[in-house]
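The values are calculated or read from the model by the stated rules, or taken from the named source; none is laboratory data. In this text, all values refer to a predicted model and were calculated from it rather than measured experimentally. Cβ placement follows ideal geometry from the backbone for every residue including glycine, while neighbour counts extend to all protein chains displayed. Just the protein is used for accessible areas: all its heavy atoms, side chains included, with ligands, DNA and RNA removed. Shrake-Rupley method; radii C 1.70, N 1.55, O 1.52, S 1.80 Å.
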Amino acid sequence: MMLLRCPWCGPRNVTEFRYVGEKTSRPDPATTTPTQWRTYLYTRANVFGWTVETWYHSTGCRQHFSVERHTLSNRTRPVQENS
Amino acid sequence: MTRYSAWRLFRNGLTHREWPAAWRPHDLRPSYDVVVIGGGVHGLATAYYLATNHGIRNVAVVDKSYIGSGGSGRNTAIVRSNYLTPEGVAFYDRSLHLYEELSATLNFNVMFSQRGHMTLAHNDSSLRTMHWRAEVNKLQGVDSRVIYPDEIKRRVPHLDVSAGARYPIQGALYHPPGGIIRHDAVVWGYARGADAAGVHIHQNTEVTGIEVSGGKVTGVRTNRGTIAAGTVVNATAGWASTIADMAGVPLPIQTFPLQAAVTEPVRPFLETVIVSGSLHVYVSQTDRGELVFGASVDPFASYSTRGSLEFIEGLAGHVLELMPALAKMRLLRQWAGLCDMTPDFSPIMGFTGVDGFLVDVGWGTYGFKAGPVSGEAMAECIATQRTPKIIEAFGLERFANGTLVGEKGAAAVGH
Ligand SMILES: Cc1cc2nc3c(=O)[nH]c(=O)nc-3n(C[C@H](O)[C@H](O)[C@H](O)COP(=O)(O)OP(=O)(O)OC[C@H]3O[C@@H](n4cnc5c(N)ncnc54)[C@H](O)[C@@H]3O)c2cc1C
Ligand SMILES: [Zn+2]
């Protein structure tokens, strides 16, 4: 079992959540080039180490939130303000 | 290289003579023509075919751990060629044929057991996909057809094909040439063949950096020193993006753990490999009698290879829906390996924007069966400096120009 801390509900089993993925920012569809759009769609940093990602508390409060997770140990921590 | 034969087996058995080491240790040379990163089936096969098909022997395969320690020693060993896209079918079918010949080619028994492969359809839409795949397969001469519950029951009497099952079985894609192989033997056989042809295999040698100058690769840095090389191949599967990052090549890849499990051995009762995409589970029986189970990847990206309780619970539930008679069997082991998933469930192979830096990655959950053809094609790519036709569709540039291969319908949990 892996615990994930929802900012609203507290620590819960990871099975209550849905993994949304690495935090990325969507380019503006009005101005983006096809290359930027495809990079946004397909290319991921796939970090070995600490990474910021989005999770969805699907069987709880049904809110999205960001968390920092170490991709080897799966330890998590709240997102550091300046990271 | 000492050749293996029935006579040697007999003599060494009688005399208790030690078998010679299958490959030799070497000092690290300061420079090689080609450095292949990753001692899995892909890296070793590439080195083997470079040496044997093209005479390029000044080649090193480096692995941070022992050879076969990645997915190549952890997979569930399923081989098949009944893919969905014409590109996929041609590619995997060439691999299957190379596997059929591999014991003879390598003088190493890889125990390819062509027991057939059966993908179950539990609803109309998956039955439709099975028909689609069967037709694509037949057009390319691949033995693959849709069968119905009476024939399924005849072939696998333990399957619950009753209409009252929670997920009734409506039909299946049956692929007789598919089967399972002894995966460690494939790794060791390629390593032995590559070694005999002059390739150096360096275990416990971790690549920590890639040297690029003026857009061209000049070598790799390792924990044992720097190696100069004009060609560097990234064949590190689950770790592929960590290596590509060192060369400044971003990849459309995410790493997910994939778990598997094995039971105690029992008398043979399961002839074919059984896959259920809807139930996310597959099962086969090894020649030793154990049942090998697999499922889909863990629900979030990670480089961790720990097993989870959720996996084993889900797996057991689904297996019992298919074969209730297995309820009393005991699981012996559970483990995980890393899978490098691409958006279209197809690999990324060939040249990149960095001259001399090639990739053979994106193998996801289905790369073991592709080992031989990938090695053959990558070796040709390096030797001729041209992309062989059989891997043209799998170039990295497809994500930039929007020509994805779309193999998801056949690759997801299909093994
Ligand atoms: C549980 C499970 C079941 C599977 N079932 C099937 C199946 O039934 N059929 C099928 O076709 N496929 C299956 N697969 C997928 C298959 O195992 C892989 O796609 C395949 O083994 C990849 O082979 P490879 O040679 O590319 O990589 P790997 O065998 O993973 O080898 C990569 C190597 O790179 C090395 N490496 C990593 N980083 C570095 C570094 N910095 N320096 C040096 N070396 C490094 C690693 O130590 C590793 O040995 C399964 C995978 C898993 C995990
Ligand atoms: Zn919540």
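Based on the Cβ-Cβ distance of B:Ala325 and B:Ala228, what FRET efficiency does E = 1/(1 + (r/R0)^6) give at R0 = 51 Å, to the nearest 0.05? Given R0 = 51 Å and the Cβ-Cβ separation, E is 0.30. Fully extending the segment from B:Lys153 to B:Asn107, taken as 0.36 nm per residue of separation minus the present Cα-Cα distance, adds 12.8 nm. Rounded to the nearest 20, the Cβ-based charge dipole of segment B:259-415 about its Cα centre (Lys and Arg +1, Asp and Glu -1) stands at 340 debye.
A 1.4 Å probe, protein heavy atoms only, puts the accessible area of B:Trp363 near 10 Å². Close amide H pairs (under 5 Å, H built 1.01 Å from N) link B:Gly209 with B:Arg221, residues at least 5 positions away or on another chain.
Under 21 Å between C-alpha atoms is the cut-off here; go through the protein assembly as shown and count lysine pairs that meet it, provided they're at least eight residues apart or on different chains.
Here the count comes out as 5.
About its Cα centre, what dipole magnitude does segment B:1-132 give when the only charges are +1 on Lys and Arg Cβ and -1 on Asp and Glu Cβ, stated in debye to the nearest 20? That gives segment B:1-132 a dipole magnitude of about 440 debye.
Which value at 222 nm does the protein assembly as shown reach when only helices count, each DSSP H run of 4 or more adding -39,500 (n - 2.57), with the total divided by all residues and rounded to the nearest 500 deg cm²/dmol? The partial results should precede the final answer.
On the way: 12 runs with 134 residues, N = 498.
That calculation yields -8000 deg cm²/dmol at 222 nm.
Between the listed residues B:Leu159, B:Gly225, B:Met246, the Cα displaced farthest toward the positive end of the dipole of segment B:157-275, a dipole computed from Cβ unit charges relative to the Cα centre, is found at B:Gly225. Add +1 for every Lys or Arg and -1 for every Asp or Glu among the other residues with Cβ under 10 Å from the Cβ of B:Val373, and state the total. Its environment carries a net charge of 0.
Can you give the charge dipole size of the protein assembly as shown about its Cα centre, rounded to the nearest 20 debye, using +1 on the beta carbon of Lys and Arg and -1 on the beta carbon of Asp and Glu?
On the way: 47 positive and 42 negative charges, 160 e Å.
Computed charge dipole of the protein assembly as shown: roughly 780 debye.
Rounded if a/c is under 1.5, else prolate if a/b beats b/c, else oblate: with a ≥ b ≥ c from the C-alpha gyration tensor eigenvalues square-rooted, which is segment B:246-292? The shape class here is prolate. Listed as lacking a disulfide-compatible partner in the protein assembly as shown: A:Cys61, B:Cys339, B:Cys381, by the criterion of no other cysteine Cβ under 4.7 Å.
Note on segment B:282-415: dipole from Cβ charges, positive end direction compared against B:Phe300, B:Thr403, B:Val361; the farthest Cα belongs to B:Phe300. Converting the Cα gyration tensor eigenvalues of the protein assembly as shown into ellipsoid dimensions via √(5λ) gives semi-axes, longest first, of 33, 32, 23 Å.
Under the classification rounded if a/c is under 1.5, otherwise prolate if a/b is larger than b/c and oblate if not, where does segment B:235-334 fall, given a ≥ b ≥ c as square roots of the Cα gyration tensor eigenvalues? Prolate, because a/c is 1.5 or more and a/b exceeds b/c. Once the chain from B:Ala6 to B:Ser65 is taken as fully extended at 0.36 nm per residue, the excess over their C-alpha distance is 18.0 nm. Here chain B is treated as a Stokes sphere of Kirkwood radius computed over C-alpha pairs; at 10 °C and 1.306 mPa s its diffusion coefficient rounds to 72 µm²/s. Shown is the FRET efficiency for B:Ala383 and B:Thr403, computed with R0 = 25 Å from the Cβ-Cβ distance and rounded to the nearest 0.05: 0.45. Quick one: net charge of B:Leu291's neighbours, Cβ under 14 Å, K/R +1, D/E -1? That works out to +2.
Taking 7 Å steps out from each Cα toward its Cβ at B:Glu206 and A:Val20 produces label points 3.4 nm apart.
At 7 Å along the Cα-to-beta-carbon direction for both B:Trp19 and A:Arg77, put a label point, then send me their distance in nm to one decimal. So the label points at B:Trp19 and A:Arg77 sit 4.9 nm apart. Test of the criteria: in segment B:1-48, which trypsin sites (Lys or Arg not before Pro) are in a DSSP loop and have at most 12 other Cβ atoms within 10 angstrom of their Cβ? Answer by residue number: B:Arg3, B:Arg17. Counted by Cβ distance under 12 Å from B:Asp143, the other residues give a net charge of +2, where Lys and Arg count +1 and Asp and Glu count -1.
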